[in-house]
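**Q** Before anything else, here's the structure in question.
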Amino acid sequence: MSPIQLEPWADKDLVLLQRLNTPEIWAHLGGPETEEQVLKRHARYLEMETGAGGMFTVVLDGATAGSVGYWEREWQDETVYETGWNVLPEFQGKGVATAAAKAIIDRASAAGRHRWLHAYPSVDNPASNAICHKAGFTFAGEHDFEFPKGSFMRCNDWRHEL
């Protein structure tokens, strides 16, 4: 696989969010969002503060392959970074998500604001849990999370020291 590139989130990436908003991709996150929710998510991504986080388009050989980002959250009485990624179906199984996770570790580390970067994939999502392991995260336990709002899911807490 060629190296991936991360490009800062831009207006044009709304199309990517719409393409990623499928039952298959959102199966472990409560299902697809409404168009209004997608538009709000896109606006949040555009407004992310440098250092406090950022969203990026994952590009492979000139083609948009997915998204990855990191943002601040409170976790166990500490401010940490959280990360998440999505990869379009035609790029899945090719190491793109693992490469994106490794690249976002570097971005979060360079920001220099927090000690930890966490990922919280569903316990029922073997692919995302494998990506965490391959990207060098350490398993830190299982927890219940409210996501989306009003719905609870069991997640694995993976963390990477920055």
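**Q** Kindly provide the set of residues from the range 8-29 that are of a type in the set (D, E, K, R) and surrounded by fewer than 14 Cβ atoms within 10 Å (Cβ to Cβ), ordered by number.
**A** Applying the first criterion (of a type in the set (D, E, K, R)) to the range 8-29 yields 11-13, 19, 24.
Correct list: ASP11, LYS12, GLU24.
**Q** Considering only residues of the range 85-103 that are in a helix (DSSP H, G or I), in contact (Cβ under 8 Å) with a residue 60 or more places away in the chain and among the hydrophobic types (A, V, I, L, M, F, W, C), which is surrounded by the most Cβ atoms within 10 Å (Cβ to Cβ)? Walk me through it before giving the result.
**A** Pass one, the range 85-103, residues in a helix (DSSP H, G or I): 89-91, 96-103.
Narrowing further to those that are in contact (Cβ under 8 Å) with a residue 60 or more places away in the chain: 89, 96, 99-100, 103.
Now restrict to residues that are among the hydrophobic types (A, V, I, L, M, F, W, C): 96, 99-100, 103.
Values: VAL96: 23, ALA99: 25, ALA100: 28, ALA103: 19.
Among those residues, the one meeting the criterion is ALA100.
**Q** Let me ask another. Within the range 125-162, track down each residue that is acidic (Asp, Glu) and modelled with pLDDT under 95. So that I can check it myself, show each step before the final result.
**A** Step one: filter the range 125-162 for residues acidic (Asp, Glu), giving 142, 144, 146, 157, 161.
Selection gives ASP144, GLU146.
**Q** Is it true that some residue in the range 130-143 is touching a helix residue (DSSP H, G or I) at 6+ places or on another chain (Cβ under 7 Å), in a loop (DSSP other than H, G, I, E, B) and within 23 Å of LYS40 (Cα to Cα)?
**A** For the range 130-143, residues touching a helix residue (DSSP H, G or I) at 6+ places or on another chain (Cβ under 7 Å), in a loop (DSSP other than H, G, I, E, B) and within 23 Å of LYS40 (Cα to Cα): absent.
**Q** Counting just the residues of the range 142-162 that are touching an Asp or Glu at 6+ places or on another chain (Cβ under 8 Å) and of a type in the set (A, V, I, L, M, F, W, C), which one comes out surrounded by the fewest Cβ atoms within 10 Å (Cβ to Cβ)?
**A** The selected residue is PHE152.
**Q** Name every residue in the range 30-81 that is surrounded by 15 or more Cβ atoms within 10 Å (Cβ to Cβ) and polar (S, T, N, Q), in order of residue number.
**A** THR57, THR64, SER67
**Q** Out of ALA99, ALA108, which single residue is of a type in the set (A, V, I, L, M) and in contact with a Ser or Thr (Cβ under 8 Å, 6 or more places away or on another chain)? Lay out the reasoning, then the answer.
**A** Numbers: ALA99 fails: in contact with a Ser or Thr (Cβ under 8 Å, 6 or more places away or on another chain).
The match here is ALA108.
**Q** Can you find even one residue in the range 119-140 that is free of Cβ contacts under 8 Å to residues at least 24 places away in the same chain, under 17 Å from GLY54 (Cα atoms) and not acidic (Asp, Glu)?
**A** no
**Q** If you don't mind, there's one more thing I want to ask. Give the number of residues within the range 52-75 that are in a loop (DSSP other than H, G, I, E, B) and under 13 Å from LEU117 (Cα atoms). Spell out how you get there, then give the answer.
**A** We begin by selecting, within the range 52-75, every residue in a loop (DSSP other than H, G, I, E, B); these are 52, 61-62.
Then keep just the ones that are under 13 Å from LEU117 (Cα atoms); that gives 52.
Residues that pass the stated criteria total 1.
The values are calculated or read from the model by the stated rules, or taken from the named source; none is laboratory data. In this text, all values refer to a predicted model and were calculated from it rather than measured experimentally. Glycine gets a Cβ as well: all are built from the backbone with ideal geometry, and neighbour counts include every protein chain shown.
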